[in-house]
Amino acid sequence: MTIEQVATLATFGVIWAVLAVGHNLADHVLGQTDRQAAGKAAPSATDVASGTNPRQGWGACLAHVARYHLVMAALVALAWSALPLELSWPGLVAGLTVSVSTHAFFDRRWPVRWILEHSGSANFAQLKTAGMNGMYLADQALHQTALLVSALLITLV
């Protein structure tokens, strides 16, 4: 194995770790307000019936995604400034573009429900007992998968 290959593997490991930690911090602590969390999937049938403007859901979702990615960018910048990472601006743009677009898409919730319902897991989508929430767990798994793709792009582009 060459030194360049080792550097690529180390960079990928650092970026994957930063994105995983950043995701938890941004999605659960610093990256969304209660209002954004409650409104980002609107409109549901009850939202429309109550007179909620469908654009409010997208507004809440995109505000969360922007705030989330500010946290992510700050953590990547911190790692990049502290460690000798071989990163490129095109790689960062490509990786963060995947993260932004997939995060906004999955946080609308209907795509997660659709995936579960069409992959034989409709009951899991309804799970909300014993401290478990199927939609939340599926949402987090999909975000982590998208972040893996983002880490690969950030490292390799």
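The values are calculated or read from the model by the stated rules, or taken from the named source; none is laboratory data. Not measured: the values here are computed from a predicted model. Note that each Cβ is placed from the backbone with ideal geometry, even for glycine, and that neighbours are counted across all protein chains shown. Keep in mind that these areas ignore ligands, DNA and RNA; they rest on the heavy atoms of the full protein, side chains included. Shrake-Rupley method; radii C 1.70, N 1.55, O 1.52, S 1.80 Å.
Residues in region 59-84 that are assigned to a loop (DSSP other than H, G, I, E, B) and not hydrophobic (A, V, I, L, M, F, W, C): 84 alone. Residue check: residue 55 meets all listed conditions (1) out of contact with any Leu (no Cβ under 9 Å at 6 or more places or on another chain); (2) over 21 Å from residue 25 (Cα atoms); (3) in contact (Cβ under 8 Å) with a residue 24 or more places away in the chain but one, namely (3).
Here's a check for you: in region 100-157, which residue that is open to solvent by 60 Å² or more (accessible area, probe 1.4 Å), assigned to a loop (DSSP other than H, G, I, E, B) and among the small types (Gly, Ala, Ser) is farthest from residue 7 (Cα to Cα)? Here the answer is 130. Within region 90-115, residues that are on the phi > 0 side of the Ramachandran plot sit with their Cβ atoms under 7 Å from residues that are hydrophobic (A, V, I, L, M, F, W, C) and not in a loop (DSSP other than H, G, I, E, B), at 6+ positions apart or across chains, in these pairs: 109/135.
For region 15-35, a tally of residues being touching a Leu at 6+ places or on another chain (Cβ under 9 Å) and open to solvent by less than 40 Å² (accessible area, probe 1.4 Å) returns 8.
In summary, residue 87 fulfils each of the numbered conditions (1) open to solvent by less than 80 Å² (accessible area, probe 1.4 Å); (2) assigned to a helix (DSSP H, G or I); (3) among the hydrophobic types (A, V, I, L, M, F, W, C) with the single exception of condition (2). Here the condition is being open to solvent by less than 80 Å² (accessible area, probe 1.4 Å) and farther than 19 Å from residue 22 by Cβ; of 66, 74, 60, 82, it holds for 60 alone.
Per-residue answers, yes or no, for (1) within 24 Å of residue 13 (Cα to Cα); (2) at pLDDT 90 or above:
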{"position": "120", "(1), (2)": "no, yes"}
{"position": "132", "(1), (2)": "no, no"}
{"position": "140", "(1), (2)": "yes, yes"}
{"position": "146", "(1), (2)": "yes, yes"}
